[in-house]
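As structure tokens, the structure follows; a few thoughts come after it.
The values are calculated or read from the model by the stated rules, or taken from the named source; none is laboratory data. Given the structure is predicted, the values throughout are model-derived calculations rather than measurements. Cβ placement follows ideal geometry from the backbone for every residue including glycine, while neighbour counts extend to all protein chains displayed.
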Amino acid sequence: MEPDFDHLEPVHLELGRIRNIRNLNLNQQLEDIRNIIHNGFRQINDTVRTFEMNMSSWLENSRVVHDNVALLPLRGVDNQLIPNFPVNISHLRRMDEMTLNGILTSLGVQLPQHGGIEIKRRMVARYIGLVVTL
């Protein structure tokens, strides 16, 4: 019995299509990898930019020694300006515990398990660059 090559032609076409599907999958995988890498670099760039802006604010805030001198705001871990950031040292001294918790959380700082509002106030002061004793 001889092979029926007429029936092999459709199989050959189907095999070619499978190869194209495999190539499409590979191309999609490569595109997905490229997007992941691109997003990773963008996140790194955002983190570096936030760090640089915060360094500038920390430096300026470290020079503040009087209660009514304006503080420069910092950005949180989400790269946004920290809500309710203290305007000056006097404002920081009047903040309630919930506001202090929000600032610490925005900075990515774990809230202390023990200690009250004064501990948190000193933590905020330290994390925003103040060197004066509250």
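Here are the numbers:
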quantity	calculated
Criterion: under 13 Å from Val124 (Cα atoms) and out of contact with any strand residue (DSSP E or B) (no Cβ under 9 Å at 6 or more places or on another chain) - qualifying residue of Ile44, Ile89	Ile89
Arg63 being modelled with pLDDT of 95 or more, under 21 Å from the mean Cα position of the chain (by Cα) and of a type in the set (Lys, Arg)	no
Long-range neighbours under 6 Å by Cβ, at least six apart or interchain, first residue closer than 21 Å to Ser62 by Cβ within segment 82-102, second aliphatic (A, V, I, L, M) and surrounded by 17 or more Cβ atoms within 10 Å (Cβ to Cβ)	Ile82/Leu74; Ile82/Ile103; Pro86/Leu71; Pro86/Leu92; Asn88/Leu71; Leu100/Val124
